[in-house]
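Accompanying notes for the structure given below.
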Amino acid sequence: MGKADRISGTFWFLFSVFVGYHSYRLGLGTLRMPGPGFLFFWTAIFIAVLSLIDMGRSLKEAREEAKAGTAGRSNVTKVVLVVLSLFLYVVLIERLGFVLVTLLLFLFLLAVIERKKWSFAVVVSVIVTALSYLVFEAALKSQLPKGLLGSLQF
Amino acid sequence: MDLLHNVAYGFGVAMQPLNLLYCFFGVLIGTLVGVLPGLGPAAAIALLLPATFKFTPVAATIMLSGIFYGAMYGGSTTSILVNIPGEAASVVTCLDGHQMALKGRAGPALGIAAFGSFIAGTFSVIALTVVGPLLANLALAFGPPEYFSLMIVGITVLTFLSSASMLRALMMAGVGLIISAVGMDTISGQFRFTFGIDGLLDGIGVVPVAMGLFGISEVLLNLETEIKREILATRVKNLFPSLRDWALSIWAIVRGSLLGFFLGIIPGGGAVIASFASYAIEKRISKHPGEFGKGAIQGVAGPEAANNAAAGGSFIPLLTLGIPANPVMAILLGALMIHGLQPGPLLMQTAPDLFWGTIVSMYMGNGMLLVLNLPLIPLWVKVLKVPYYLLYPLILLFCMIGAYSLQNNTADMIMMLVFGILGFLMKKFRYEGAPLILALVLGQKLETSLRRSLIMSFGDFSIFVSRPISLAFLLIAFALVILPIITQRNKLAALEEESQI
């Protein structure tokens, strides 16, 4: 984990530099009248110091990591595909509407990601979409976007 | 007499049919959430929060609270039967609970968990009834320095008790504080860290962050490393513990209740910490510590009592000080504010129906949970058998609907997904989300308290140490930061001595 710790430590160090800079620009004010950037400037410095200490510790672990074997492969592709499908869901929900997009999402997750039979995926997707519409839209009045199907007065 | 009058008033509110019904729904959903791994009470409350906008504030609070303490009951079922904790506070129950199940004693394990939870839950509600108003009166003397110092203690306690590195927990608390700054500064009116993005002008809400960090990220982690669930095939029978089981467990339940309640009150403490602490104590004082990890019933009774008592105790700082003790309370705080309420010392006066109605509803909720958890165990076992490939799309869908419903726009959905990815990466790189979310919730109030204190004192920091209550809080926080360093140094010194010998 030494290398991973150095990567994450570097990220948080750069994050704190970024925040510190913008906090300074917001204005630190004076001690009698602290400005909008006051607390966050010092918080950024605090995080920067901690990240440097953490990176320093990880250098010790780097030697031990070299001796340990690599971890087994994990299913990152699945995670990436699911995340991308969720972002697509967000992009399309107001254009296509909740019903269509939910149907498509479930079809994708069950048939493509989980590789279930298409007939199974279609049946489950329709049932889930219908039930969630009934519960959230009809019963709880969540005002979900209607999109393309809006004109059909669903 | 005032107390009795207030409790009677609370009964009047809680016994209204609609409030009773919402209490039932809350504990039922909470139990279900507790049973299902991958969806904790924080995510569940965040998901259902938008649905409660149509309810009265009292009904919403009763239902959402029921989800929280209900999840404490449900979590033990999966721990015992499947050896996978339903939620974080039931991790410890796996150690001895599942071992009892493997020895054919799943029934008594489930039974003692349920009864222990009921006793501890009832105790904590009674204690809440007595301690809550006392603390609310004390809190009227709090000014900005006291609030600032108390919130520093809260963040420090959570980082001190962090299961991973305290240094990293402090970093995440700092990140949460910075995220809380996004949006408009209430004192100067300036926009901070918005970078021209319209979606950030109103700041970053707790609910999408919580749903992302606790809901979405958990699903992504489970997708990445598939967990095989083997549910115990034997029939669960004899749910009532024997007299011997009671003799072994009763003092563990008493100790767990007291410990859990006090750990629940401290901001940053909570059910998870309480359950671990209870297990450690029971093992330490047991005459047969070797039995722990092999099916010791005290190893189930104590932690389950502790986590339920902590759940009750954690309502105290929220309702009386307006300070959330843990991330779940942070989301509940968000819920109360969305309903137009301001939790704090004056809540008892401004919304007595909510204050006393919620407390009394917890009595009834505990009774409902005892009834739900024992006879319905076969149903929960069936729920556990729902394959994960059906469960996670549903969880994702509920998260998306919940995020959209907050403000009827997609900005919160994007925020949730961004924090979902961040939460996933944080877990992979061994950073905890709890300090981040607590600091996010406390951030604005903490900053305002700091700036007001400095304005009051004309820039003199000694205001934080010259006021006794504030000084006491800061000393506690300082001790919590220094203690691990001293302990570490002593350990290193001892190791060096040994190597020289």
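Confirm whether B:MET413 is free of Cβ contacts under 8 Å to residues at least 40 places away in the same chain, within 25 Å of B:THR52 (Cα to Cα), part of a helix (DSSP H, G or I) and not aromatic (Phe, Trp, Tyr).
no
Within segment B:450-473, can you find the residues that are buried (at least 20 other Cβ atoms within 10 Å of the Cβ) and at pLDDT below 90?
Matches in segment B:450-473: B:PHE473 only.
Can you tell me how many residues in segment B:400-415 are more than 9 Å from chain A (Cβ to nearest Cβ) and either among the acidic types (Asp, Glu) or under 14 Å from A:VAL82 (Cα atoms) (or both)?
1
Would you confirm whether or not segment B:429-439 contains a residue that is at the interface with chain A (Cβ under 10 Å from one of its Cβ atoms), free of Cβ contacts under 8 Å to residues at least 12 places away in the same chain and within 27 Å of the chain's Cα centre (by Cα)?
Yes; the residues of segment B:429-439 include at least one that is at the interface with chain A (Cβ under 10 Å from one of its Cβ atoms), free of Cβ contacts under 8 Å to residues at least 12 places away in the same chain and within 27 Å of the chain's Cα centre (by Cα).
Checking the structure you have, find out if any residue of segment A:133-143 is in contact with an Asp or Glu (Cβ under 8 Å, 6 or more places away or on another chain) and modelled with pLDDT under 85.
Yes, segment A:133-143 has at least one match.
Quick test for you: out of A:SER85, A:SER132, pick the one residue that is facing another protein chain (nearest Cβ under 10 Å) and surrounded by fewer than 20 Cβ atoms within 10 Å (Cβ to Cβ).
The unique qualifying residue is A:SER85.
Of (1) in contact (Cβ under 8 Å) with a residue 24 or more places away in the chain; (2) more than 14 Å from chain A (Cβ to nearest Cβ), B:LEU379 satisfies all except one. Which?
Of the numbered conditions (1) in contact (Cβ under 8 Å) with a residue 24 or more places away in the chain; (2) more than 14 Å from chain A (Cβ to nearest Cβ), the odd one out for B:LEU379 is (1).
Given segment B:113-217, what helices (runs of 4 or more DSSP H) lie entirely inside it while holding 2 or more residues that are buried (at least 21 other Cβ atoms within 10 Å of the Cβ), within 12 Å of chain A (Cβ to nearest Cβ) and touching a helix residue (DSSP H, G or I) at 6+ places or on another chain (Cβ under 8 Å)?
B:144-160, B:166-180
From (1) touching a residue at least 60 places away in the same chain (Cβ under 8 Å); (2) under 23 Å from B:ALA114 (Cβ atoms); (3) buried (at least 22 other Cβ atoms within 10 Å of the Cβ), pick out the condition that doesn't hold for B:PHE24.
That leaves (3) as the condition not met.
Of all residues in segment A:5-34, which are outside any helix (DSSP H, G or I), in contact with a Lys or Arg (Cβ under 9 Å, 6 or more places away or on another chain) and facing another protein chain (nearest Cβ under 8 Å)?
Within segment A:5-34, A:MET33, A:PRO34 qualify.
The values are calculated or read from the model by the stated rules, or taken from the named source; none is laboratory data. Please read these numbers as outputs of a predicted model, since none were measured by experiment. Note that we place each Cβ from the backbone using ideal geometry, even for glycine, and neighbour counts take in every protein chain shown.
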